[in-house]
Amino acid sequence: KNSKNTSSKMSLRPSTAAAIQDMPPPGGYKKLDFARYIPDRGPKGWQLWVGATTLVMYGYYQVGKTNQARIQQKMQERKVRYALAPLMQAEADREYMERELVNLRREAEIMKDVTDLKGNPWVPGSSQYFGGQWMPRKVSYFMRHQG
């Protein structure tokens, strides 16, 4: 083995000389103003609190305005519905009477040869239950689209 070749050794023995340590200059280093070089990291705590409180109050104000507008809109729609209710009922009554006339004509055609229990000819629209009180027929979806 070659003892002169130091690059092949894994490690070197430490020197026996005393360690040299760097020391500050006499009187120390001059003071640094760190605050001058570090920028602010955002708003202060009280500023965040005031901003958040303002935003929440504005949000509640907008919710209140929207609720009032919605109440007014519903009131107007309700008034329109109340004003149109008689007209819509009259239209429904007219359609019912048209359907009833068609049904009575059809009943008269179907029952032309039928007599009741007393031997009288069948009267279209008469009740087979002899109740004496008139009740409108139940109007179903299928009856609306007949004839």
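The values are calculated or read from the model by the stated rules, or taken from the named source; none is laboratory data. All figures in this text were calculated on a predicted structure; none of them were measured in a lab. No Cβ is skipped: glycine too gets one built from the backbone with ideal geometry, and neighbour counts run over all protein chains shown. For the accessible areas, the whole protein counts, side chains as well, though only heavy atoms, and no ligand, DNA or RNA atoms are used. Shrake-Rupley method; radii C 1.70, N 1.55, O 1.52, S 1.80 Å.
Assorted remarks:
- Accessible area, probe 1.4 Å, largest first, for residues Leu104, Leu55, Leu48, Leu117: Leu117, Leu55, Leu48, Leu104
- Going by accessible surface with a 1.4 Å probe and the largest first, Arg70, Arg13, Arg106, Arg81 read Arg13, Arg81, Arg70, Arg106.
- Rounded to the nearest 10 square angstrom, Glu98 shows an accessible area of 100 square angstrom against a 1.4 Å probe.
- By the Cα gyration tensor, the stretch 17-118 has an equivalent ellipsoid whose semi-axes, rounded to whole angstrom, run 97, 23, 9 from largest to smallest.
- Computed FRET value (nearest 0.05) for Tyr58 with Ala83, which takes r as the C-beta separation and R₀ as 35 Å: 0.40
- Per-residue accessible area (protein heavy atoms, 1.4 Å probe) orders Tyr58, Tyr29, Tyr96 as Tyr29, Tyr58, Tyr96, starting from the largest.
- Mean accessible surface per residue for the stretch 1-125, computed with a 1.4 Å probe while every protein chain stays in place, in Å²: 100
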